[in-house]
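Let me begin by presenting the structure, written as structure tokens, before commenting on it.
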Amino acid sequence: MKKLILLALTSLSLTAMANTDITHFVQIRFTALDTDNNGSLSLTELRGTNRGWMTKAGFDEAKQIKKTEDKMTQLDTNQDKQVSIEEFSVLHNK
């Protein structure tokens, strides 16, 4: 019984540590993308995050813009044309 309890506590501790790391990762990633340091991501900042891989994947400019606009619509749940860290974290916590 003691081993089972110890195993359960260890599992809970590891889960809590993993969740903390994800939150920390999201904060670091968001801060790096927020180039104007206003606490939210604009369409331009979001576009900057995708441009490199989209170009390498062969997407033309129009398709890149469309995909970025679609991502903004998906993330911007309150429709204020900005992605908050809370909205951004939903993407990374899936």
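The values are calculated or read from the model by the stated rules, or taken from the named source; none is laboratory data. Since this is a predicted model, take the numbers as computed values, not measurements. Glycine gets a Cβ as well: all are built from the backbone with ideal geometry, and neighbour counts include every protein chain shown.
Here region 38-47 is the region considered, the condition is being in a helix (DSSP H, G or I) and of a type in the set (A, V, I, L, M, F, W, C), and the residue that is surrounded by the fewest Cβ atoms within 10 Å (Cβ to Cβ) is Leu43. Looking only at region 48-94, filter to residues that are polar (S, T, N, Q) and either part of a loop (DSSP other than H, G, I, E, B) or on the phi > 0 side of the Ramachandran plot (or both); which one of those is modelled with the lowest pLDDT? Only one residue tops the list, namely Asn93.
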